[in-house]
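Beneath this line is the structure, given in C-alpha cells, with notes to follow.
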Amino acid sequence: MHSDELATLSRVARKDSIVDCFKHILVPPDFGDCAERALDVAVELAQKLDTKLTLLHVCELPVSSYAIYAQGLYFPMDSLEAAAAKALDLATTRLKARYPKAESALRTGTALDQVLAVRDELGADLIIMGTHGRRGVSRLLLGSVAEKAVRMAPVPVLTVPSREHSKIAENGAPKIEKAEQAKSART
C-alpha cells in the first residue's frame with residue numbers, strides 16, 4: 001500500500017467513520033523485508049487514525065529442530081529467545097522514534113496461534129502483516145501465516161506484499177513484466 005492508497009483509505013475513514021472502528025493495530029513482524037514494508041504501512045495508518053500500535057514478535061522453534069527433540073537432545077531455545085528479544089528491543093526503539101504510542105510484545109510458540117492469542121489479549125481490531133508471495137511447493141511446505149490469519153482472525157487482516165512481489169512500482173505505476181514487454185514488442 002502506498003501513500004495514494006492510504007490517502008484514499010483516510011478519505012473513506014473520514015466519510016464513513018472507519019476512524020472509530022480501528023483503535024489498536026497489531027503488527028507481527030519476522031524482521032524480514034516484507035515485515036518492514038508492513039510496518040511502514042501500519043505506522044502511516046496508525047498516525048492517520050491516531051491508534052495504538054503493537055509490534056508482536058513470535059519466537060518460533062525452527063522446523064529443523066523437531067528432529068533434535070525427537071532424538072531427546074536439547075535445542076538452545078534460551079539463546080533463540082534472547083536473540084529475538086534483542087531484535088524486538090531494537091525494532092521497538094526505532095518504531096517509538098517514528099510513533100511514540102507504539103508498544104511491543106514477545107511470545108514463544110507457533111506464530112499464528114500467538115498472533116491470534118495476543119490479538120485477543122490486547123483487543124487489537126486490525127492486524128497488518130507482510131507476505132512473502134511464495135507460490136507452489138515452497139508455499140505448500142512452509143505455509144503462509146498471513147493467509148491463515150486472514151482465514152482465522154476475527155478482525156480484518158491487511159496483508160502487504162513484499163516490494164519484489166508487489167505489482168505496483170515505487171512510483172505508483174504498474175510494473176510491466178518482461179514477458180509482457182516482449183509480447184508488446186512483437187505486436
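Annotations
- Residues of region 113-147 that turn out to be at pLDDT below 90 and part of a helix (DSSP H, G or I), as a count: 10
- Tally, over region 76-101, of residues that are assigned to a helix (DSSP H, G or I), touching a residue at least 12 places away in the same chain (Cβ under 8 Å) and basic (Lys, Arg): 1
- So LEU106, is it surrounded by fewer than 20 Cβ atoms within 10 Å (Cβ to Cβ) and not in a helix (DSSP H, G or I): yes
- Filter result (in contact with a helix residue (DSSP H, G or I) (Cβ under 6 Å, 6 or more places away or on another chain) and at pLDDT 80 or above) within region 61-91: none
- Residue in region 92-99 that is out of contact with any helix residue (DSSP H, G or I) (no Cβ under 8 Å at 6 or more places or on another chain), among the hydroxyl-bearing types (Ser, Thr, Tyr) and modelled with pLDDT under 90 present: no
- Lone unmet requirement of (1) among the basic types (Lys, Arg); (2) out of contact with any strand residue (DSSP E or B) (no Cβ under 6 Å at 6 or more places or on another chain); (3) modelled with pLDDT of 95 or more for LYS23: (3)
The values are calculated or read from the model by the stated rules, or taken from the named source; none is laboratory data. Everything numeric in this text was worked out from a predicted model, so none of it was measured. Heads up, the Cβs are rebuilt from the backbone with ideal geometry, glycines too, and the neighbour counts pull from every protein chain shown.
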